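Following: one structure in structure tokens, then a few remarks.
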Amino acid sequence: MSQTSSPPLIDSFGRVHTSLRLSVTDRCNIRCFYCMPEKGAEFVPKDNILSFEEIYRLAQLLVEQGGVRDIRITGGEPLVRQQVPRLIEMLTGIEKLEDLSLTTNGMLLAEHAQALHEAGLQRLNISLDTLDKEVFKKITRRDGLEKTLQGIEAAIKCGFESVKLNTLAIKGVTESEVAELVRYALDRNVMLRFIEFMPLDTDRAWQHSQVFTGDQLLQTLHDEFKSVVPLSRPEPSQPAEEFQVAQGRVGIIRSVTAPFCDACNRIRITADGAVRNCLFATNEFPLRDLMRAGASDEDLMSAIRACLAKKAKAHGIDKDGFQPPDRPMYAIGG
Ligand code: SAM
Ligand code: SF4
């Protein structure tokens, strides 16, 4: 049985990193305005994207030598990459991995949910910002609400350990649909979580005033549902505050107005193999070229630890002089 043979992944503020966000592609089948540009998105050439074998090597190293315990696969849209179930199957073979999940826009889920489940994927998060066809088109610059909704239904039927819905909270977009979206989730017995809009759009058009804040959301929930009862947070590193609403739970992730940086346990690997210590990091450490030049596991772990040593105390979105990262969301992996 393999043992953790090196110390856990600790940064200079004592935060232990046990959670990996693994991007498998920067490509996507839609163009959400809060993430990608409408036209002219730039993608990493395919040869520069990590192979499944390279992804597996890094994941195994992080789990077995770094103490990572959960992996979330993301992108871009992870399901536009061919054969993701094969990668899932490979990752489930990592002995000490406790939790494997994936975030998707849902458009290809009707086709792939069963294969993902059979390959061993435990949990799914599906993005759903609207139930209105025209609003969907405005947000994503594509048609696709029907496919997304079919994907959600297919995923629910498969019997994953959990299916959650993620809704971006954006002023002028989200307010009018809060109740409808919550009812949609409650009717299906899944949790919906609202996430405050962050400055990670390629267009750099984000403004603080566009964030539909957790406080404003709570007020709307109170107005619509009357009883909104805060529940205790199961783990500090869990970013969502949860509330009992009617017969179910609703989550709010205040990534801008009450960030959870103090309890952050996340490390990220981009589709082209850079390790990042934060969504908002302004530096990153490329691992792909190291691997392709024959780096040993020790070399890779040293690079990962060097990256974590530079992790900032907080992302500072609310501070003067905040600079968004060079890479937009789709090129990092959300
Ligand atoms: N394509 C998949 C999807 O949309 O679910 C996975 C990748 S996407 C980058 C992961 C999550 O990031 C989605 O839930 C999406 O809504 C969220 N996201 C994208 N841009 C964001 C932004 N500017 N602020 C906050 N969340 C964002
Ligand atoms: Fe694609 Fe997800 Fe970005 Fe939307 S948020 S453009 S679905 S990667």
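The values are calculated or read from the model by the stated rules, or taken from the named source; none is laboratory data. What you see is a predicted model, and the numbers here were worked out from it, not measured in a lab. Positions of Cβ are backbone-derived with ideal geometry, glycine not excepted, and every protein chain shown enters the neighbour counts. The area values use the complete protein model at the heavy-atom level, side chains included, leaving out ligands, DNA and RNA. Shrake-Rupley method; radii C 1.70, N 1.55, O 1.52, S 1.80 Å.
Using the structure shown, decide if L200 is under 30 Å from K39 (Cβ atoms), open to solvent by less than 30 Å² (accessible area, probe 1.4 Å) and in contact (Cβ under 8 Å) with a residue 24 or more places away in the chain.
Details: under 30 Å from K39 (Cβ atoms): yes; open to solvent by less than 30 Å² (accessible area, probe 1.4 Å): yes; in contact (Cβ under 8 Å) with a residue 24 or more places away in the chain: yes.
Yes.
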Exercise. Hey, among the residues in region 256-285 that are outside any strand (DSSP E or B), open to solvent by 10 Å² or more (accessible area, probe 1.4 Å) and within 16 Å of ligand 2 (Cβ to nearest atom), which one's modelled with the lowest pLDDT?
Worked result: L279
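Scanning region 75-108 for residues that are away from ligand 2 (no atom under 16 Å from the Cβ) and in contact (Cβ under 8 Å) with a residue 40 or more places away in the chain, which turns out surrounded by the most Cβ atoms within 10 Å (Cβ to Cβ)?
L87
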Exercise. Within region 302-323, restricting attention to residues that are over 23 Å from the mean Cα position of the chain (by Cα) and either touching a residue at least 60 places away in the same chain (Cβ under 8 Å) or open to solvent by 60 Å² or more (accessible area, probe 1.4 Å) (or both), which residue is farthest from E196 (Cα to Cα)?
Worked result: S302
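State yes or no: is R233 of a type in the set (D, E, K, R) and touching a Ser or Thr at 6+ places or on another chain (Cβ under 8 Å)? Spell out the reasoning first.
Working: of a type in the set (D, E, K, R): yes; touching a Ser or Thr at 6+ places or on another chain (Cβ under 8 Å): no.
So R233 does not fit the description; no.
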For this session: Only residues that are more than 10 Å from ligand 1 (Cβ to nearest atom) and either within 15 Å of the chain's Cα centre (by Cα) or of a type in the set (A, V, I, L, M) (or both): list them for region 178-204, please.
Result: V178, A179, L181, V182, A185, L186, V190, M191, L192, F194
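Are any residues in region 151-171 part of a helix (DSSP H, G or I), out of contact with any strand residue (DSSP E or B) (no Cβ under 6 Å at 6 or more places or on another chain) and within 16 Å of ligand 2 (Cβ to nearest atom), and if so, which ones? Lay out the reasoning, then the answer.
Filtering region 151-171 for residues part of a helix (DSSP H, G or I) gives 151-158.
Restricting the remaining residues to those that are out of contact with any strand residue (DSSP E or B) (no Cβ under 6 Å at 6 or more places or on another chain) gives 151, 153-154, 157-158.
The one that is part of a helix (DSSP H, G or I), out of contact with any strand residue (DSSP E or B) (no Cβ under 6 Å at 6 or more places or on another chain) and within 16 Å of ligand 2 (Cβ to nearest atom): G151.
Can I71 be described as surrounded by fewer than 22 Cβ atoms within 10 Å (Cβ to Cβ) and touching a residue at least 12 places away in the same chain (Cβ under 8 Å)? Can you show your working first?
Values: surrounded by fewer than 22 Cβ atoms within 10 Å (Cβ to Cβ): no; touching a residue at least 12 places away in the same chain (Cβ under 8 Å): yes.
For I71, the condition - surrounded by fewer than 22 Cβ atoms within 10 Å (Cβ to Cβ) and touching a residue at least 12 places away in the same chain (Cβ under 8 Å) - is not met.
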